[in-house]
Amino acid sequence: MPSSRATSASAGGKIILLGEHSVVYGHPALAGAIDKTVTACSTPIEGDSSLSVPAWDIEVSTRDEGAPAQALRALIEATGAQPTRLDVTADLPCAAGLGSSAALCLAVARCLAPGASDAEHRDIAGAGEAQFHHRPSGIDVALSQQGGIASYTVDGGLVPLDVPGLPLVVGLSGVCRSTATQVARVAARVADDGGLTSGRIKDMGGIVTAGIDALSSGDLDALGVCMSQCHRALRDIGVSIATLDAMVATAMEAGALGAKLTGAGGGGAIIALAPGREQQVCAALEEQDFQAFVTTLGANS
Ligand code: PMV
């Protein structure tokens with residue numbers, strides 16, 4: 001008879017300031033944790049394990065098909081947990097490029113294996129995250145775990161940057177998308193277009209390096225320029241959509257120093273750097289019926 005003791009644990013989302021997609025190809029990314037979180041509560045049950053995330057319309061058991069059910073199976077298997085019901089609350093929007101699947105997997109890993117080390121939690125969460133992503137770089141789980149603002153490479157992991165929290169506007173397009181589809185789309189272009197996409201990915205590597213220097217020296221004007229350059233490169237590799245381009249233009253017209261899509265693209269969110277003008281940028285996006293909020297990059301999870 002399983003014990004009826006419930007355990008709970010949380011993990012936070014992230015924002016990629018620069019370098020999504022190019023990070024998958026070995027280039028650096030610049031990103032930070034945000035204080036929007038996911039909290040998983042586990043109650044031992046008899047029968048099939050289940051996962052319920054009402055805020056994201058997810059309700060699956062280990063018998064179901066699809067990424068959330070596959071992730072649930074992977075997380076249960078990786079932790080060796082007994083059958084359990086996972087009830088998850090979230091103020092982090094899902095499928096918006098803000099690291100929701102990684103935060104979910106890390107919260108569940110922490111909840112199902114409370115005694116495991118950080119490295120074990122990262123591996124467990126990574127096993128779940130791999131069900132959502134095609135070739136995940138690992139940046140989302142690493143940042144959710146470590147918090148702060150950091151540069152990241154697949155080979156070197158996170159390198160924390162000692163910089164103050166950075167207020168950013170986040171605008172939600174309301175268009176859901178799959179990270180796996182977007183990453184696979186870029187991979188197909190890399191394989192097929194005679195080096196055009198690879199070239200732009202390489203350009204992004206340089207933009208990110210310049211952006212890290214700009215942030216480290218407190219040059220927000222230069223950082224904003226890097227963000228806008230990065231958005232153009234992301235558009236060129238095929239992961240923006242007209243709605244995101246229009247949102248970026250709106251943010252710039254409202255006074256942002258730079259704006260771009262964040263995360264895998266194809267929908268999801270934009271971010272804008274607008275020191276002292278955050279509320280104006282939010283209002284401009286809201287006027288066009290997009291949800292927008294201000295968050296601080298670098299909040300700990
Ligand atoms: O959209 P998100 O939050 O899943 O971020 C994906 C970031 C990518 O660089 C596109 C993929 C990855 O695994 O790094």
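The values are calculated or read from the model by the stated rules, or taken from the named source; none is laboratory data. Every value quoted in this text rests on a predicted model; they were computed, and no experiment measured them. Positions of Cβ are generated from backbone atoms using ideal geometry, with glycine treated the same way; all protein chains shown enter the neighbour counts. Remember, those area values only see protein heavy atoms, side chains included, never the ligands or the DNA or RNA. Shrake-Rupley method; radii C 1.70, N 1.55, O 1.52, S 1.80 Å.
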Over segment 1-80, average the accessible area per residue using a 1.4 Å probe and give it in Å², no decimals.
42 Å²
Leaving out ligands, DNA and RNA but keeping every protein chain, what accessible area does SER198 have, in Å² rounded to the nearest 10, with a 1.4 Å probe?
50 Å²
Sort LYS202, LYS14, LYS36 from largest to smallest accessible area, using a 1.4 Å probe on the heavy atoms of the protein chains.
LYS202, LYS36, LYS14
Would you mind working out the accessible area per residue for segment 154-232, using a 1.4 Å probe, and quoting it in Å²?
47 Å²
Dividing the helical contributions, -39500 (n - 2.57) per DSSP H run of n ≥ 4, by the residues of the chain yields a 222 nm value, nearest 500 deg cm²/dmol, of -13000 deg cm²/dmol
Compute a Gaussian network model of the chain, connecting alpha carbons closer than 10 Å, and tell me which residue from ILE139, ILE124, ILE58 fluctuates the most.
ILE58
Net charge near ASP193: determine it from the other residues with C-beta under 13 Å of the C-beta of ASP193, scoring Lys and Arg +1 and Asp and Glu -1.
+1
Neighbours of LEU92 by Cβ distance under 12 Å: Lys/Arg at +1, Asp/Glu at -1, summed charge -1
Whenever you get a sec, compute what percent of the accessible area on segment 1-109 sits on carbon and sulfur atoms (1.4 Å probe).
48 percent
Return the carbon/sulfur percentage of the accessible area of segment 129-171, one whole number, probe 1.4 Å, all protein chains in place.
51 percent
Could I have the simple spin-label model distance between LEU196 and GLN288, label points 7 Å from Cα toward Cβ, reported in nm to one decimal?
2.5 nm
Could you pull the accessible area for CYS176 with a 1.4 Å probe, rounded to 10 Å²?
100 Å²
Can you give me the angle between helix 118-132 and the longest principal axis of the chain, using Cα atoms only, in degrees from 0 to 90, rounded to the nearest 10?
80 degrees
Please give the net charge around GLY255, taking every other residue with its beta carbon less than 10 angstrom from that of GLY255, where Lys and Arg add +1 and Asp and Glu add -1.
-1
Who wins for biggest fluctuation among ILE271, ILE34, ILE241 in a Gaussian network model of the chain, springs between alpha carbons below 10 Å?
ILE241
Pairs of alpha-carbon atoms within less than 8 angstrom and 6+ residues apart define the contacts here; what relative contact order does segment 105-191 have, in percent?
24 percent
